[in-house]
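In what follows, a structure is listed as structure tokens, so that the remarks can point back to it.
The values are calculated or read from the model by the stated rules, or taken from the named source; none is laboratory data. Quick caveat, the model's predicted, so the values are computed rather than measured. Cβ coordinates were reconstructed from backbone atoms using ideal geometry, including for glycine residues, and neighbour counts include every protein chain displayed. Just the protein is used for accessible areas: all its heavy atoms, side chains included, with ligands, DNA and RNA removed. Shrake-Rupley method; radii C 1.70, N 1.55, O 1.52, S 1.80 Å.
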Amino acid sequence: MRGSEPDSRDPATRPTRIHVVSDVHGNAEALARAGDGADALICLGDLVLFLDYRDHSRGIFPALFGKENASRIVALRTARRYDEARAFGRELWAGRDRNTEILAAVRTQYAELFAAFPTPTYATYGNVDVPHLWPEYARPGTTVLDGERVEIGGRVFGFVGGGLTTPMNTPYEISDEEYAAKVEALGPVDVLCSHIPPEVPELTYDIVARRFERGSTALLEAIRATRPRYALFGHVHQPLVRRMRIGTTECVNVGHFASTGTPWALTW
């Protein structure tokens, strides 16, 4: 098994090719092409675009409150002034039904994004996703997995969705204990797929945001104990290191698909 390398076997034997994306954040146009030439697409979550930190005019937040307010929220969060950001958010939402308005916007995005998934697609949740809505939009051919395994082309893939608790308080953040239980439920796999990275500084540091994102010690322990061939993840949009080995496991940040529009390819 190799990442985006040519197959060296007998040319009469057709290789299996999987495309992997993460952090789609509303890029439905590129998502519709992401499975071209592949036997399957894997999506590691964060379909929703709530707020684009590069273009403050894009996403649910600026659609509701305007670009100027979006820029202020981004500035406060980037400066780690989270209490001020939350207070400002409360001011904006005063007198409005936050849940109803956000869910309506998320539903609009999900309708377009799930329709763009090719068949077959194997997907798990990101930290900004809303899991209870996915059954409404996942069509036949899209398999949603979280703390579960699936065989693709003779290899076993394990999926762990969501993120860990942070001051950002995004929709699908869970406790370390709940997350670890999902990782443990997988057992040994050939490819470990998650939204967040293992807890390794080089993999969790975002060089543009200039902060460490939360990684999982449970993922790191599973990699060391079970030695999957690959550990694939996203979440950190501009990581210090995109690819490194932990023992015999190749750990790969498959990229910020919203900006690249290019899937990462795995063939064997």
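Can you say whether residue 178 is at pLDDT 95 or above, acidic (Asp, Glu) and over 23 Å from residue 15 (Cβ atoms), as far as the supplied structure shows?
yes
Would you check if there is a residue in segment 38-47 being open to solvent by 10 Å² or more (accessible area, probe 1.4 Å), closer than 30 Å to residue 153 by Cβ and not acidic (Asp, Glu)?
For segment 38-47, residues open to solvent by 10 Å² or more (accessible area, probe 1.4 Å), closer than 30 Å to residue 153 by Cβ and not acidic (Asp, Glu): present.
Quick check: anything in segment 18-37 at pLDDT 95 or above, among the charged types (D, E, K, R) and buried (at least 17 other Cβ atoms within 10 Å of the Cβ)?
yes
For segment 59-80, which residues satisfy the criterion of being among the small types (Gly, Ala, Ser) and either in contact (Cβ under 8 Å) with a residue 60 or more places away in the chain or surrounded by fewer than 16 Cβ atoms within 10 Å (Cβ to Cβ) (or both)?
Scanning segment 59-80 gives 66, 71, 75, 79.
Could you tell me how many of the residues in segment 149-165 are open to solvent by 20 Å² or more (accessible area, probe 1.4 Å) and either at pLDDT below 95 or over 26 Å from residue 49 (Cβ atoms) (or both)?
Here the count works out to 7.
Filter segment 213-254 down to residues that are surrounded by fewer than 22 Cβ atoms within 10 Å (Cβ to Cβ) and at positive phi, then give me how many there are.
Counting residues in segment 213-254 that are surrounded by fewer than 22 Cβ atoms within 10 Å (Cβ to Cβ) and at positive phi gives 2.
If I filter segment 255-268 down to residues being open to solvent by less than 30 Å² (accessible area, probe 1.4 Å) and over 13 Å from the mean Cα position of the chain (by Cα), which single residue comes out as farthest from residue 189 (Cα to Cα)?
Looking at residues that are open to solvent by less than 30 Å² (accessible area, probe 1.4 Å) and over 13 Å from the mean Cα position of the chain (by Cα), I get 261.
Looking at segment 171-212 only, could you name the residues that are out of contact with any helix residue (DSSP H, G or I) (no Cβ under 9 Å at 6 or more places or on another chain) and open to solvent by less than 30 Å² (accessible area, probe 1.4 Å)?
Selection gives 191, 193, 195, 203, 204, 206.
Quick check, is residue 144 within 18 Å of the chain's Cα centre (by Cα), aliphatic (A, V, I, L, M), within 30 Å of residue 15 (Cα to Cα) and open to solvent by 10 Å² or more (accessible area, probe 1.4 Å)?
yes
So which residues in segment 126-141 are open to solvent by 50 Å² or more (accessible area, probe 1.4 Å) and among the acidic types (Asp, Glu)?
136
For segment 142-197, how many residues are part of a helix (DSSP H, G or I) and either in contact (Cβ under 8 Å) with a residue 24 or more places away in the chain or polar (S, T, N, Q) (or both)?
9
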